[in-house]
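I have placed the structure first, in the form of structure tokens, so that the comments after it can refer back to it.
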């Protein structure tokens with residue numbers, strides 16, 4: 001078969017593009033241009049995992065493993081750790097974030113490692129556009145809700161939570177900052193009093209989830225109060 005100049009040109013451009021992506025990712029990750037909250041999911045699993053990223057994924061997926069090739073929406077995906085880990089299970093996964101620098105790393109990892117069932121979208125989610133999200137088997141909604149309370153107020157944040165929950169066909173993975181954490185924003189979460197975990201569980205039931213599982217408690221860098229990680233199923 002005759003190889004066309006166009007094909008050779010595109011192959012060379014693709015290889016140059018991958019080299020450029022590797023260089024950009026190296027600079028971003030190693031020179032403090034991004035917040036490296038999670039480990040690189042394409043490197044060997046580290047023994048020291050300060051944010052318990054792998055432990056959290058293992059915990060959440062243990063409650064979701066019966067879903068074959070799940071489609072996933074990951075809200076606040078950052079550099080895509082959880083998006084990529086779910087993509088390993090074979091379904092189409094979409095990560096959303098409003099931080100372009102972090103998404104550049106996620107997209108570079110996708111291209112470099114030839115992951116063809118993920119997409120990363122830059123989006124500032126608000127009460128007006130939340131309804132435009134597609135449905136997915138699983139919605140991953142971690143460490144974002146308390147920011148919505150800060151930006152939009154309690155009522156809009158809860159309504160956005162409700163709308164997002166409706167997008168979850170099979171289940172939702174959820175955790176949030178808690179009012180017990182004693183941070184600058186925790187007083188805004190006083191509506192969760194006297195127990196953040198009880199409030200979250202009641203909301204998830206109110207949003208139509210029948211089986212609520214607390215799959216673990218994980219420390220954060222903000223306080224000595226661990227956050228409860230929930231998996232809620234229909």
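Here is how the numbers come out for the structure above:
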| read-out | value |
| --- | --- |
| Enumeration of residues in the range 140-169 that are touching a strand residue (DSSP E or B) at 6+ places or on another chain (Cβ under 7 Å) and either part of a helix (DSSP H, G or I) or farther than 17 Å from residue 201 by Cα (or both) | 164, 165, 167, 169 |
| Candidate set from the range 170-188 (those that are in contact with a strand residue (DSSP E or B) (Cβ under 8 Å, 6 or more places away or on another chain) and in a loop (DSSP other than H, G, I, E, B)); member that is nearest to residue 83 (Cα to Cα) | 176 |
| Selected residue (only one of 186, 176 is over 16 Å from the mean Cα position of the chain (by Cα) and either over 30 Å from residue 68 (Cα atoms) or surrounded by 15 or more Cβ atoms within 10 Å (Cβ to Cβ) (or both)) | 186 |
| Residues (part of a helix (DSSP H, G or I), out of contact with any helix residue (DSSP H, G or I) (no Cβ under 6 Å at 6 or more places or on another chain) and in contact (Cβ under 8 Å) with a residue 12 or more places away in the chain) located in the range 26-39 | 29 |
| Where a residue in the range 144-160 is free of Cβ contacts under 8 Å to residues at least 60 places away in the same chain and at positive phi and its partner, wherever it lies, is in a helix (DSSP H, G or I) and surrounded by 15 or more Cβ atoms within 10 Å (Cβ to Cβ), with Cβ under 9 Å and at least six apart | 153/188 |
| Index of the failed condition, residue 102 passing every other in (1) farther than 24 Å from residue 69 by Cα; (2) touching a strand residue (DSSP E or B) at 6+ places or on another chain (Cβ under 8 Å); (3) outside any loop (DSSP other than H, G, I, E, B) | (2) |
| Matching residues in the range 189-234 - criterion: being part of a loop (DSSP other than H, G, I, E, B) and over 15 Å from residue 143 (Cβ atoms) | 193, 194, 195, 207, 208, 209, 210, 224, 234 |
| Residue match in the range 192-204 (condition: crowded, with 18+ Cβ neighbours inside 10 Å, within 27 Å of residue 87 (Cβ to Cβ) and within 21 Å of the chain's Cα centre (by Cα)) | yes |
| Residue count for the range 40-73, restricted to those that are closer than 13 Å to residue 88 by Cα, within 14 Å of the chain's Cα centre (by Cα) and assigned to a loop (DSSP other than H, G, I, E, B) | 2 |
| Residue identified as farther than 25 Å from residue 133 by Cβ and surrounded by 21 or more Cβ atoms within 10 Å (Cβ to Cβ) among 25, 44 | 25 |
| Residue in the range 7-25 that is out of contact with any helix residue (DSSP H, G or I) (no Cβ under 8 Å at 6 or more places or on another chain), under 24 Å from residue 104 (Cβ atoms) and not in a helix (DSSP H, G or I) present | no |
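Every read-out reported here was derived from the displayed coordinates using simple, explicitly stated rules and does not represent laboratory data. It should be emphasised that the depicted structure is a prediction, and the values quoted were computed from it without experimental measurement. Cβ coordinates were reconstructed from backbone atoms using ideal geometry, including for glycine residues, and neighbour counts include every protein chain displayed.
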